[in-house]
């Protein structure tokens, strides 16, 4: 297979996974940048995919416009803005690897506590609250800015609430759509964004939208218990991978 064909195969697959994450399956977004890294430098792959993320974000907001938690978004969006601002102000002075390790360890610790609570029968839902929301929302914005790893902090805050799966997926999709949009100005100011070939992006955007549509349909039919089991498994995999990348 020649290099051009390999590029398009990787780009189409990565765009599909980006879209699927916006449709309610956030765990598969982890595959997008690694796939692009097979055919180009990781940062260039991430830069090429950013406009695809933004396009699929718009579609994700539309499909989940009736399924989200207004209270959580009211708490988390301003908090994540604080985290993004901190990431911008500390740009160049933040040890990204240490951030990855800390978030990974917190994620694993959270899962251990959830398993312990489940074993002891202590699984009462915990409502959304401002102190925890400000803490984890800020962490999510900061880690998304410095290492594209905002998901674990969001899950640490949201999973104890035991929201219905569609509300959980919709709140996550809308939150990270806003976070991605808020990251654009500071990324531009720091010269981190290379928009890539807009013709390529225009060809990949329909793939991402199809992925979002399919991800939404899959999310709707997955049993709720299975859905959150998958989310917890994804949190475990993400946390282990963050620790691995941070240490190596």
State yes or no: is residue 188 farther than 16 Å from residue 63 by Cβ, out of contact with any helix residue (DSSP H, G or I) (no Cβ under 9 Å at 6 or more places or on another chain) and assigned to a helix (DSSP H, G or I)? yes
Can you pull out every residue in the range 132-161 that is surrounded by fewer than 22 Cβ atoms within 10 Å (Cβ to Cβ) and either on the phi > 0 side of the Ramachandran plot or not in a helix (DSSP H, G or I) (or both)? 148
Extreme residue, surrounded by the most Cβ atoms within 10 Å (Cβ to Cβ), among residues of the range 212-239 that are more than 16 Å from the chain's Cα centre (by Cα) and more than 19 Å from residue 163 (Cβ to Cβ): 213
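Residue-wise test of (1) free of Cβ contacts under 8 Å to residues at least 12 places away in the same chain; (2) buried (at least 21 other Cβ atoms within 10 Å of the Cβ); (3) part of a helix (DSSP H, G or I).
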residue	(1), (2), (3)
72	no, yes, yes
77	no, no, yes
80	no, yes, yes
88	no, no, yes
91	no, no, no
94	no, no, no
100	no, yes, yes
105	no, no, yes
109	yes, no, yes
Report yes if residue 60 is closer than 22 Å to residue 22 by Cβ and either touching a helix residue (DSSP H, G or I) at 6+ places or on another chain (Cβ under 6 Å) or buried (at least 18 other Cβ atoms within 10 Å of the Cβ) (or both), otherwise no. yes
Filtered residues of the range 103-136 (kept if within 21 Å of residue 237 (Cα to Cα) and in contact with a helix residue (DSSP H, G or I) (Cβ under 8 Å, 6 or more places away or on another chain)): 103, 104, 105, 106, 107, 108, 110, 111, 114, 136
So, in the range 162-171, of the ones that are surrounded by fewer than 24 Cβ atoms within 10 Å (Cβ to Cβ) and closer than 16 Å to residue 235 by Cβ, which residue ends up nearest to the chain's Cα centre (by Cα)? 165
Looking only at the range 1-51, filter to residues that are surrounded by 18 or more Cβ atoms within 10 Å (Cβ to Cβ) and outside any helix (DSSP H, G or I); which one of those is modelled with the highest pLDDT? 23
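Conditions tested, residue by residue: (1) in contact with a strand residue (DSSP E or B) (Cβ under 9 Å, 6 or more places away or on another chain); (2) in contact (Cβ under 8 Å) with a residue 60 or more places away in the chain; (3) assigned to a helix (DSSP H, G or I); (4) over 24 Å from residue 13 (Cβ atoms).
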| residue | (1), (2), (3), (4) |
| --- | --- |
| 163 | no, yes, no, yes |
| 178 | no, yes, yes, yes |
| 181 | no, yes, yes, yes |
| 205 | no, yes, yes, no |
| 209 | no, yes, yes, no |
Given the conditions (1) under 21 Å from residue 114 (Cα atoms); (2) touching a helix residue (DSSP H, G or I) at 6+ places or on another chain (Cβ under 7 Å); (3) surrounded by fewer than 19 Cβ atoms within 10 Å (Cβ to Cβ), every one holds for residue 193 apart from (1)
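The values are calculated or read from the model by the stated rules, or taken from the named source; none is laboratory data. Small disclaimer: the values here were computed from a predicted structure and weren't measured. Ideal geometry is used to build each Cβ from the backbone, glycine not excepted, and the neighbour counts take in all protein chains shown.
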